[in-house]
Each structure stands twice: as structure tokens, then as C-alpha cells.
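Worksheet: the structure to be examined is printed underneath.
The values are calculated or read from the model by the stated rules, or taken from the named source; none is laboratory data. Because the structure is predicted, anything quoted here is derived from the model rather than measured. All Cβ positions, even for glycine, are placed from backbone atoms using ideal geometry, and neighbour counts span all protein chains on display. Side chains are part of the model used for accessible areas, which takes the heavy atoms of the whole protein and leaves out ligands, DNA and RNA. Shrake-Rupley method; radii C 1.70, N 1.55, O 1.52, S 1.80 Å.
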Amino acid sequence: MSIEQELLTRSGSQCELCTSKDDLSVYEVSPSDGSVAQAIMICAKCKEQVEDSSKLDESHWHCLNDSMWSEHSAVKVVSYRLLKALGNQDLLDMMYLEEDEKAWADTGLSDEDDSREPTFDSNGAKLEAEDTVTIIKDLEVKGAGFTAKRGTAVRNIALTNNPEQIEGRVNGTRIVLLTKFLKKQ
Ligand SMILES: [Zn+2]
């Protein structure tokens, strides 16, 4: 039997997250070994949002209330990642994952971070999220209409996907800063 047939049987031909019967397809839960145990049957609407968290529509995900209790680890893992992405701490607190399920769920979450190139300041010191940095040169902030003064401390920075840039709050405005003009404190 193909994975698709096995999942259709397991799920009763419905989306294992929201129970929709529309446009079902197989979704392999990363990192997957390609087995049925690590895949779920998913509808197009869920799949679109699972694959692109910028499309998350909170009103669609009341179904996680149920799917988080699934007997299938793969369904629980996807539910857990979605709850994380939605910031639904209440349900996360209630949720129960075995240790190996938790490890699997978190591996998927940290994928993105691991693939990111490290970010360094002007001296080659590695920068991490929430670090404090000092600006070492007066910087015109285009679009914001002010100058970020040399010597200004920027607390609680956030890393970006570009290793040459970080984000931080200066003069109450969240701006992108070039790491070559920064020094870690
Ligand atoms: Zn669905």
C-alpha cells in the first residue's frame, strides 16, 4: 500500500488537523524518514499555512484543540509547531508530548536557526539575539528622519536572515542596523 493509501485509511479520508475532506495530500513532517509514521494527511488549506507561517490564519486553527490529542505522533508534532507559531501558550501548557515527540517537534523548529549564517559585529564578536550592542559611528536612519548617534546602546537586538544586519530599537523606533557599525557590549 502506498503512503497515501495508508494515510487515507488511517485518517478516514480527512485532514488530520481540521477534518476537512477537500484537496487532501500527504505532508511529510520534517525531518522525516519517509515512513507513514512521520507523515500526515492534510488538506490544501492547512498545508498552505503549515508550509508558510506568514499565511497563518488564527481563525482556522481551533481544530488544534482536537488534533493536539491525536494518537499519531506526527499529527501532535505538527499541532505543537503550529501552536508555537501562533503563540498559543495556553494549549501548549496543556499539551502532552513524549520525550521523543518533543525532541522531534523542536528539531523542526530550530531548522531555520541552524541554517542561518552567524552574525558578527565590527570586531568579529559573534552576536546573538537579545545581545546589547553599541553604535560606533553616527548613522543616518533613512526613512525615520533621525541620526542614530555614535555611542548609543541598542538593547535586546534581533538577528535577521542577513548576517550583515540586525534589528534593534533606537529612539523608540525599530530599525535595521548594519553589523559593521556595531560593537557587542
Ligand atoms: Zn485541514
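State yes or no: is Ala85 away from the ligand (no atom under 15 Å from the Cβ), in a helix (DSSP H, G or I), open to solvent by 50 Å² or more (accessible area, probe 1.4 Å) and farther than 30 Å from Lys184 by Cβ? Answer is no for this residue. Cβ-Cβ contacts under 9 Å between residues 6 or more apart (or on different chains), taken from a first residue in region 47-68 that is touching a residue at least 60 places away in the same chain (Cβ under 8 Å) to a second residue that is surrounded by 14 or more Cβ atoms within 10 Å (Cβ to Cβ) and hydroxyl-bearing (Ser, Thr, Tyr), are absent. Residue pairs whose Cβ atoms lie under 9 Å apart, sitting 6 or more positions apart in sequence or on different chains, and linking a residue in region 14-30 that is under 12 Å from Val50 (Cβ atoms) and polar (S, T, N, Q) to a partner that is within 10 Å of the ligand (Cβ to nearest atom) and assigned to a loop (DSSP other than H, G, I, E, B), are Ser25/Cys43. Among the residues examined, Val36 qualifies as within 17 Å of Trp104 (Cα to Cα) and of a type in the set (Val, Ile, Thr).
Could you check region 5-51 and list, in sequence order, the residues that are assigned to a loop (DSSP other than H, G, I, E, B) and open to solvent by 50 Å² or more (accessible area, probe 1.4 Å)?
Residues of region 5-51 assigned to a loop (DSSP other than H, G, I, E, B): 12-24, 29-35, 43.
Result: Ser13, Gln14, Thr19, Lys21, Asp22, Asp23, Pro31, Asp33.
Listed here are the strands (runs of 3 or more DSSP E) enclosed by region 96-185 that have at least 3 residues being hydrophobic (A, V, I, L, M, F, W, C) and surrounded by 11 or more Cβ atoms within 10 Å (Cβ to Cβ): 173-178. The single condition among (1) within 16 Å of the ligand (Cβ to nearest atom); (2) surrounded by fewer than 17 Cβ atoms within 10 Å (Cβ to Cβ) that Val75 does not satisfy is (2).
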